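The values are calculated or read from the model by the stated rules, or taken from the named source; none is laboratory data. Just so it is clear, the model here is predicted, and its values are computed rather than measured. Methodologically, a virtual Cβ is constructed for each residue, glycine included, from the backbone with ideal geometry; neighbour enumeration extends over all protein chains shown. Accessible surface is based on the protein model in full, side chains and every heavy atom, while ligands, DNA and RNA are left aside. Shrake-Rupley method; radii C 1.70, N 1.55, O 1.52, S 1.80 Å.
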Amino acid sequence: MKNFTYAIPTVIHFGKGQIEKLGAEIAQRSRKVLVVYGGGSVKRNGIYDAALAQLKAHGVEWAELSGVEPNPRIATVREGVRLCREQGLDGVLALGGGSVIDCSKGVAAGALYDGDPWDFPAGKAVPEKALPLFTVLTMAATGSEMDSIAVISNPETNEKEAFAGSCCYPAVSILDPTYTYSLPAAQTAAGTADIMSHTFENYFSPIETNYLADSLAEAILRSCVKYGPKAMETPDDYEARANLMWNASWAINGFLDMGKPVAWSVHRMEHELSAFYDVTHGVGLAILTPNWMRYVLSDKTEARFARYGAAVWGLDPALPAREAAEAAIRKTREFFSSLGLPATLAELGIGPEHFEEMARKARNSGFDKTFVPLSVEDIVSIYRMSL
Ligand code: NZQ
Ligand code: ZN
């Protein structure tokens, strides 16, 4: 294990009815907040009303930014920054999934930055200060509720880039599993694939000596396999929704990658897909992941895949490593298909036209420290396998 520092400042209130704590938490830190939400699901399922009741009860004023897009856009972040500055806002309250929370991180940091917030995803600046951010999570997927990362798109330039900064952790996140009951089955499936992908990205690393993190990763994967289908079949199954929600936070809150290099290969490839075609993040990951696994399988990596197969899919540990590895990858593909997720890019109407450019852009953000280093040609091959 390499040296590491672990610090997560986010206060989590987890469970049914925890929204009751929101108003007091905000009132300790902010007097007038920007309430940020997406296409309106929070109005239909009552979360917006519950959050606003908290603001009113604790004397917190607010302004609103609505219509945050899935794969949130920089134009919306800029609009939020403008509102914060014009109205002297001193906090941001995100009501939604990863897109709303990521947009809110851009707004919270952008409001205190003397420049264009696109500088953060563009890698020209790292956020150093941000308004306090409060989140009410409505979807188990990205882990944005407990991490310092935001991913923002610029459709004009076909770019989708991440930024992070320790000031971007939410101050407080409300995780009420009942708030995910209204999530459509397709989004539940995409969210489950995203949680699993975060776990894979951490698990398949060149350093395999953090036994605690790796065992937790396997438990998260087993939990997704158990509860993803349950949540789709029975949307108001509290146990299933609660486990998915907590899995999502732990898959990317930093614990799984302590002491090892993690390079997020499949995510970099998927972000290019979303940048060019605006695909749902978890859907892109579900298509690419099994193909990436097949591509990087070798004599050197087969033992890791075999361990994954035994721990997550209950494969016989006595199987020859290559056989077990191939079976584990097959099971991964079959599981995503059983959730109704597409298996090919063709199903999304995507052809090979931009593969070279996408691969070059993905490669720019670093593929040397990945589980298996990949060249531009390798990445193109994985896109082609996914057609
Ligand atoms: O817009 P609304 O009306 O809220 O509807 C959303 C949206 O259409 C809907 N939804 C969410 N909660 C719901 C609900 N509908 C009914 N009931 C509910 N309870 O679901 C749709 C998708 O929401 P979105 O926020 O886009 O999904 P997700 O949480 O998967 O976020 C995806 C974004 O996060 C980025 C992705 O790249 C993508 O841009 N990521 C962020 C990460 C991070 N911050 O750490 C890491 C991830 O790897 C990922 O890249
Ligand atoms: Zn992801």
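Relative contact order (percent) for the range 68-119, with alpha-carbon contacts under 8 angstrom and 6 or more residues of separation? Provide the component values of the computation, followed by the final result.
Working: 53 pairs, mean separation 23.9, N = 52.
For the range 68-119, the relative contact order is 46 percent.
How much of the calculated P(r) for the chain lies past 33 Å, in percent of all Cα pairs? Let's see the in-between values first.
Details: 20778 of 74691 pairs.
Result: 28 percent of Cα pairs exceed 33 Å.
With the other protein chains left in place, how much accessible area per residue, in square angstrom, belongs to the range 34-75 at a 1.4 angstrom probe?
Accessible area per residue: 44 Å².
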Tilt, helix 185-203 to longest principal axis of the chain (alpha-carbon atoms), in degrees rounded to tens, equals 70
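In percent, what relative contact order does the chain have, based on Cα pairs under 8 Å that are 6 or more apart in sequence?
Details: 772 pairs, mean separation 59.1, N = 387.
It comes to 15 percent, rounded to a whole number.
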Scoring the range 71-192 by relative contact order with C-alpha pairs under 8 Å, at least six apart, yields a percentage of 28
Listed by chain and number, the aspartates and glutamates with an alpha carbon less than 15 angstrom from that of residue 361, same-chain partners under 8 positions apart left out, are 159, 161, 270, 272, 353, 377, 378
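Over the range 318-382, give the accessible area per residue in Å² for a 1.4 Å probe, as an integer.
Details: 3170 Å² over 65 residues.
That works out to 49 Å² for each residue.
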The rounded separation in angstrom of the Cα centers of the range 39-91 and the range 282-356 is 39
Here, GluC sites (Glu not before Pro) of the range 193-242 satisfying both criteria (DSSP loop; at most 16 other Cβ within 10 Å) are 208
With every protein chain kept in place and a 1.4 Å probe, the range 180-302 has an accessible area per residue in Å² of 32
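Could you order 238, 203 by accessible surface area, starting with the largest, using a probe radius of 1.4 Å? Don't jump to the answer; show the numbers that get you there.
Working: 238 85, 203 0 Å².
Putting 238, 203 in descending order of accessible area: 238, 203.
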Expected max-MSF residue from 101, 26, 12 in the GNM of the chain (alpha carbon, under 10 Å) is 12
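Tally the DSSP beta bridges in the range 1-138 and give the antiparallel ones as a percent, rounded to 5.
Working: 0 of 15 bridges.
Looking only at bridges with both residues in the range 1-138, the antiparallel portion is about 0 percent.
Report for the chain the percent antiparallel among DSSP-assigned beta bridges with both residues inside it, nearest 5. Present the calculation step by step, with values, prior to reporting the outcome.
Values: 6 of 29 bridges.
Rounded to the nearest five, the antiparallel share is 20 percent.
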Quick calc, the range 72-213, dipole around Cα centre from Cβ unit charges on Lys, Arg (+) and Asp, Glu (-), nearest 20 debye, gives 200
Cα-Cα longer than 28 Å, checked against 260/331; 124/260; 160/331; 56/124; 16/56; 32/129, kept in input order, equals 160/331; 56/124
Exposed-loop cut sites defined as trypsin sites (Lys or Arg not before Pro) in DSSP loop states with at most 16 other Cβ within 10 angstrom; longest site-free run of the chain spans 130-299
Whole-percent carbon and sulfur contribution to the accessible surface of the chain (1.4 Å, no ligands, DNA or RNA) stands at 51
Ranked by GNM mean-square fluctuation in the chain (Cα springs under 10 Å), the top entry among 321, 251, 111 is 321
